[in-house]
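Structure record follows, encoded as structure tokens.
The values are calculated or read from the model by the stated rules, or taken from the named source; none is laboratory data. Model, not experiment: these values are computed from the prediction. Every residue, glycine among them, receives a Cβ derived from its backbone with ideal geometry; neighbour counts consider all protein chains shown.
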Amino acid sequence: MSDTTDRATSHAEHWPAMAGDILGHEDPITPLELLALQEHPEGDVTALYSPAGVFTYVSAASRATLGWEPEELIGRLAEQYVHPEDLPAVLTCHDTALRSSTAVTATFRFRCKDGGYLWTESLVRRIPHPRDGGRILLLASMRDIANRKLVEDALQRQALTDPLTGIANRTVFMDRLGQALRRLERSTTVIGVIYLDLDRFKVINDSLGHELGDRLLMKVAERTLAALRPTDTLARLGGDEFVVLSEGLTEIDDARRLAERVCESIEEPFVLGQESIVCTASAGVATTADATHSPRGLLQEADLALYRAKGRGRNRAEVFDEDLRTTAVGRLGVERMIRSAIEEDLLRVQYQPIIDLTTGRVVDAEALVRIQGPDELIPPDIFIDIAEESGLLVSVDGVVLDRAVHQVATWSRELAAKGFHGVAINVTGRHLSDSHFGDVVAGSLVDNHLPKGALTIEVTERVLMEASNSALDCLRTIRDLGVPVGLDDFGTGYSSLSYLRQFPLDFVKIDRSFVQQLGAARQTVAIVRAIIDLAHALDMWVVAEGVETVQQQETLIDLGCDRAQGYLFGHADYPDAVSAIINERSVSSGRRYA
Ligand code: C2E
Ligand code: CA
Ligand code: CA
């Protein structure tokens, strides 16, 4: 806080000194004069102020929006009404608007008469002074964005915390682990990762019911936190899996002792209502003093150690050692499997229908890759991350692109009349940084005589955030070819509604974690509505993922969502099965159809 205030004061040189409360030496502008300027500002409150930052006009709406009578603001230094933390941004906006003829936007908190602050977004533009063309004034149209801010904050919280326990989620944990590893460069300490898993939680959950199961998980989080030091990070990875990050340890044994302490604290019976429940935990510990260790690698080591703790009788902690790595089939086995799947033509592509919520017809299908195992199909969850880390995903995605394009060519001959457009594929960051990717996509569209829109591309937030300029250029090239680009899994990363404005996107896919909470959490409805409204304002369409129930579908229709995908309409399957669904749904119509 004091840091930002300091920065704000150092900026104050751009403004005249704060001479008391009132600076009366700017002549006020009358509403008629403003009218004569032919300016038609939009927004809740309109204000004019001088280059020195003194209000010369404030519209009457200020009373209702900010609590201030216009006269109370006119003649005063605008700076006094800006939240100190937002001042640097406001000053930059002011300077830019003074220097350029285009409008500049600033988002900041304005101090209201009641002492509170209101989040506003101001569009600031330079205009000639109505009485003296040689002078200039700044015209600010201020909009009340308190609601949008509330939703954004909620979205941020939701994206960063585990909704059940309120502790960090995987995204935050991986981020902190990455930072902790980088800090090792400048220190001689050790960091420890503890992977915790409750023993036989499934049995407890099934016999007591999910509600008590959830309460138990909350209590486990509470107890674990109590056993940790304030500087440790506890996160829930999902289900009954928790992880701890502990920094500044002096030796490996510190981490083991910490893990044992956590296991002991969980061993005590939990009292939930009338029930007393005994539940133990197993822990796997991995440590390192090496800054080049990868976050995922370290977590995987802790996971392998956990596996051994389970194997050696549960309710105990085991520390990772190299023996575990050599005996582990884990990662290397998976990598080998992917390589041979590519070589031996064992990659399979299935398609999941995406329906238009207004007509009920199938408009698209998402291509999803699998590996044909000896007995069954191996789902991408098992191998996508490892394929990405080992650089094999570009080949995998290349195969998927190829198959998908051929498939859509077949389908568009057969099914165009049924409202079916094309296939969506998932693309990784590495693919985008490959400058030829745009050409590959263009080539395959031309070779197969595909119309625009026959192919769509999905990228995740992480891919966008990590995208280089050349990757973003590649996305623009692809869009210029008429291939829509969408943001996948929206809401799972560091989601901010502002990404939707920042990146070249045509659609957004709301992650299934939101869709699945639609019936349960009221706040989720507000968030989903805000995402849909903003996307529409930016001319994007919205797809909801993971729709499993009619109720979810109905809510999404009410919220104005455009498309949906999920088990309710069909699992991913081979082309013939998808054709059947497309045909079947092409006869139904009307808004409420399911
Ligand atoms: P995604 O892009 O979010 O794909 C949707 C996933 O949600 C698919 O899982 C799909 O089967 C699943 N799903 C669809 N409807 C429902 C539902 O109603 N309920 C539930 N619980 N799940 C549903 P899948 O096929 O296992 O794919 C997992 C992830 O693997 C994908 O998530 C995507 O990120 C990645 N992936 C799959 N194929 C490819 C590929 O060819 N290339 C790349 N780069 N990634 C891929
Ligand atoms: Ca996807
Ligand atoms: Ca997705």
**Q.** Residue tally, condition more than 15 Å from ligand 1 (Cβ to nearest atom) and hydrophobic (A, V, I, L, M, F, W, C), over the range 461-473
**A.** 2
Q. In this structure, is Gly429 in contact with a helix residue (DSSP H, G or I) (Cβ under 7 Å, 6 or more places away or on another chain) and either surrounded by fewer than 15 Cβ atoms within 10 Å (Cβ to Cβ) or under 27 Å from Cys561 (Cβ atoms) (or both)?
A. no
Q) Among the candidates Ile478, Ile457, which residue alone is within 23 Å of Asp434 (Cα to Cα), out of contact with any Phe, Trp or Tyr (no Cβ under 8 Å at 6 or more places or on another chain) and crowded, with 20+ Cβ neighbours inside 10 Å? A) Ile457
Q.
Return the pair list, or none, for Cβ contacts closer than 6 Å from residues in the range 221-234 that are under 21 Å from Gln179 (Cβ atoms) to residues that are surrounded by fewer than 18 Cβ atoms within 10 Å (Cβ to Cβ) and charged (D, E, K, R), at least 6 apart or on different chains.
A. Thr233/Arg176
Q: Might you check whether a residue that is within 27 Å of the chain's Cα centre (by Cα) and crowded, with 19+ Cβ neighbours inside 10 Å occurs anywhere in the range 204-218?
A: yes
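Every residue, every condition in (1) surrounded by 13 or more Cβ atoms within 10 Å (Cβ to Cβ); (2) outside any helix (DSSP H, G or I); (3) at pLDDT 85 or above, yes or no:
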site	(1), (2), (3)
Leu98	yes, no, yes
Thr102	no, yes, no
Phe108	yes, yes, yes
Gly115	no, yes, yes
Leu118	yes, yes, yes
Ser122	yes, yes, yes
Pro130	yes, yes, no
Gln156	yes, no, no
Glu185	no, no, yes
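Answer yes or no as to whether Gly391 is within 16 Å of ligand 1 (Cβ to nearest atom), outside any helix (DSSP H, G or I), in contact with a Phe, Trp or Tyr (Cβ under 7 Å, 6 or more places away or on another chain) and not hydrophobic (A, V, I, L, M, F, W, C). Can you show your working first?
Details: within 16 Å of ligand 1 (Cβ to nearest atom): yes; outside any helix (DSSP H, G or I): yes; in contact with a Phe, Trp or Tyr (Cβ under 7 Å, 6 or more places away or on another chain): no; not hydrophobic (A, V, I, L, M, F, W, C): yes.
Spelling it out, it is not the case that Gly391 is within 16 Å of ligand 1 (Cβ to nearest atom), outside any helix (DSSP H, G or I), in contact with a Phe, Trp or Tyr (Cβ under 7 Å, 6 or more places away or on another chain) and not hydrophobic (A, V, I, L, M, F, W, C).
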Q: Could you tell me whether any residue of the range 395-406 is over 26 Å from Ala341 (Cα atoms) and among the aliphatic types (A, V, I, L, M)?
A: no
**Q.** Qualifying positions in the range 432-460 - of a type in the set (Asp, Glu) and within 13 Å of ligand 1 (Cβ to nearest atom)
**A.** Glu458
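Going by the conditions given, is Gly438 surrounded by fewer than 19 Cβ atoms within 10 Å (Cβ to Cβ) and more than 16 Å from Phe503 (Cα to Cα)?
no
Listed here are the residues, each with its yes/no results for (1) within 19 Å of Lys509 (Cα to Cα); (2) not hydroxyl-bearing (Ser, Thr, Tyr).
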site: Ile355; (1), (2): yes, yes
site: Leu368; (1), (2): yes, yes
site: Gly391; (1), (2): no, yes
site: Val394; (1), (2): no, yes
site: Asp402; (1), (2): no, yes
site: His406; (1), (2): no, yes
site: Ser433; (1), (2): no, no
site: Gly438; (1), (2): no, yes
